[in-house]
Amino acid sequence: MLANLPVVIVCQSEQNQILLELEARLPETDQLDQTITTALQQAEVLRQSILKKAFSGQLVPQDPNDEPASELLARIKAERLTSQGNGVVRRKGGGRS
């Protein structure tokens, strides 16, 4: 199958011209590689910073009137216990069965 494919062999001067063109473009590809590597590193630092701020509540302004998470969780737990005592069973999706 491959034996039927033609192989083009160019003359030495054209090979030299191709080589010169490739060598001229190598610094550009090296620079692009470095730019991409730096951008990826900066993106990872930014990602970590965003996650840190998200988990510490610094991404959006905090409303002092908001119920603290600990109180919200306690209220949800109490509501669940109350609803279970009334014979109400909730599915994962929040619907009643």
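Once segment 42-59 is narrowed to residues that are at pLDDT 85 or above and not in a helix (DSSP H, G or I), the residue that is surrounded by the fewest Cβ atoms within 10 Å (Cβ to Cβ) is SER56. Quick check on segment 69-89: of everything there that is at pLDDT below 90, surrounded by 11 or more Cβ atoms within 10 Å (Cβ to Cβ) and of a type outside the set (Gly, Ala, Ser), which residue is nearest to PHE55 (Cα to Cα)? Ranking the candidates gives GLN84 first.
The values are calculated or read from the model by the stated rules, or taken from the named source; none is laboratory data. Predicted model, so just to flag it, every value in this text is computed and none were measured. In this analysis, Cβ positions are derived from the backbone assuming ideal geometry, glycine residues included, and neighbour counts consider all displayed protein chains.
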